[in-house]
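In what follows, a structure is listed as structure tokens, so that the remarks can point back to it.
The values are calculated or read from the model by the stated rules, or taken from the named source; none is laboratory data. Values in this document were obtained by computation on a predicted structure and should not be read as measured data. Glycine gets a Cβ as well: all are built from the backbone with ideal geometry, and neighbour counts include every protein chain shown.
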Amino acid sequence: MAELIQDKDASVVASVSGDDPDKCNEEVRHSRTFLDVRSEEELLSGIRKEEQLGTLTPNIAAAMEELFHNYKNAVSKSGIPNADEVVLSNMSVLLDRVLLDAEEPFVFPPHHKMLREPFDYYMFGQNYIRPLIDFRNSYVGNISIFNDIQEKLQQGHNVVMISNHQTEADPAVIALLLELAHPYIAENLTYVAGDRVVTDPLCKPFSMGRNLICVYSKKHMFDVPELAEMKRRANTRSLKEMAVLLRSGSQIVWIAPSGGRDRPDPSTGEWHPAPFDSSSVDNMRRLVEHSGVTGHIYPLALSCYDIMPPPPLVEKEIGEKRIIAFCGVGLSVAPGFNFSDAVASSMTPEEARDAYCQALFNSVNDQYDVLRSAIHGQQGSRASTPTILLSQPWD
């Protein structure tokens, strides 16, 4: 498990891509304010200096400082010997990226391809989240099915993962749990992403390191009523980009049809996957079927809410409070099934749509319950069932 811990030097060096000699010669733009800091005091002083200069708004500056302290507290619980160095290194790189974006904002296109040159945003995100995961108490369900998925991708097929969604860190959690056993899947996933992760200043650098289809969530469609029509048109463009992507084949796409992150039950405090929107599932199914390429849909479950839980209620304003923890996380996939396997011939189109959506949701719930028993019920791999086999493919 030692190879899963990044030291300070590796965290910085891995953020500069070196695969292509020509690209490697490109200059990586940095802000000297944060990249050269050598202590916590210098980093916090840099935040205040940029606020005084007007480069950072008071809200962003306060969020940066709060994030630093929360991240430091979480990483300190990981037990890694160089925790302070890792925190300073990772936070200085993040704040450097946030400051550069404040000076020259990056605008995400409908289909965003991860940026790895000259700065490797993908590895930056991996290195930032890595020390927050307790790999000793983390599990992957049915790792063998990912072997099947990879074979299908190599054959030119498309794969769609219908999943619950728990935190802003979900893409990094998925990639970190798969990076040793299935690095191709980890690095080539395309995520259907809501507008908040491509507009929040503290989220944008992480999003820049992922392949995204950018959409406006239904939950926020009418936050500003006069912008609703613009959001609809933008979503139409994104759907067209998704169709083009799927027509190319060998694509693996992650989508959370609940339209947002899971929230705890207000009466019990327990976390469960949020219900899926059947129209979103059906739209994705139709896109797969009409792509002209063989496609497969798999139910995927994520259990990682402790690492970065969302606010208890859906918020309209950008800039939520980031609570961070060192914790175990889980990922599980179940065999895919066809639309015809989940519906009856006597059903109306609407009934069939709802039945297929419910079948996927039930599978995600079943897997989630096993992950919850393993991680939060402290049962570990003993929580495995005849259909959901837990493993630690990094061990």
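Here are a few things to note about the model shown:
- Members of the range 252-278 found to be crowded, with 21+ Cβ neighbours inside 10 Å and among the polar types (S, T, N, Q), listed by number: S258
- Being under 24 Å from N137 (Cβ atoms) and modelled with pLDDT of 95 or more is true of V75.
- Residue match in the range 69-86 (condition: buried (at least 17 other Cβ atoms within 10 Å of the Cβ) and under 17 Å from the mean Cα position of the chain (by Cα)): no
- Looking only at the range 217-272, and only at residues there that are basic (K, R) and within 12 Å of G194 (Cα to Cα), the one that is nearest to the chain's Cα centre (by Cα): R261
- Looking only at the range 249-271, residues that are under 12 Å from S163 (Cα atoms) and of a type outside the set (A, V, I, L, M) come to 7 in all.
- Residues that are closer than 17 Å to P386 by Cβ and in contact with a Phe, Trp or Tyr (Cβ under 8 Å, 6 or more places away or on another chain) were ranked within the range 329-362; the one that is surrounded by the most Cβ atoms within 10 Å (Cβ to Cβ) is S332.
- Checking A243 against (1) surrounded by fewer than 19 Cβ atoms within 10 Å (Cβ to Cβ); (2) hydrophobic (A, V, I, L, M, F, W, C); (3) part of a loop (DSSP other than H, G, I, E, B), the condition it does not meet: (3)
- Taking the listed residues E103, E85, E51, the one that is closer than 30 Å to A234 by Cα and of a type in the set (D, E) is E103, with no other qualifying.
- V86 falls short on exactly one of the conditions (1) outside any helix (DSSP H, G or I); (2) at pLDDT 95 or above, and that condition is (1).
- Verdict on S303 being small (G, A, S), at pLDDT 95 or above and under 14 Å from Q166 (Cα atoms): yes
- Those helices (runs of 4 or more DSSP H) of the range 268-383 in which 2 or more residues are in the same structural domain as D170 (by TED's automatic domain parsing) and touching a Pro at 6+ places or on another chain (Cβ under 8 Å) occupy 278-289, 349-375.
- Qualifying residue in the range 221-233 (condition: crowded, with 16+ Cβ neighbours inside 10 Å, in a helix (DSSP H, G or I), small (G, A, S) and out of contact with any strand residue (DSSP E or B) (no Cβ under 9 Å at 6 or more places or on another chain)): no
- Condition check for Y128: more than 25 Å from K72 (Cα to Cα) and among the aromatic types (F, W, Y): no
- Selection from the range 223-266 of residues that are closer than 24 Å to V329 by Cα and among the hydroxyl-bearing types (S, T, Y): S258
- Take the conditions (1) modelled with pLDDT under 95; (2) part of a helix (DSSP H, G or I); (3) out of contact with any helix residue (DSSP H, G or I) (no Cβ under 6 Å at 6 or more places or on another chain); H69 misses just one of them, which is (1).
- Pairing each residue of the range 238-264 that is assigned by TED's automatic domain parsing to the domain that holds G156 with any residue that is of a type in the set (D, E, K, R) and at pLDDT 90 or above, provided the two are 6+ apart or on different chains, yields C-beta distances under 7 Å for P257/D277; S258/D277; G259/D277; P264/E270.
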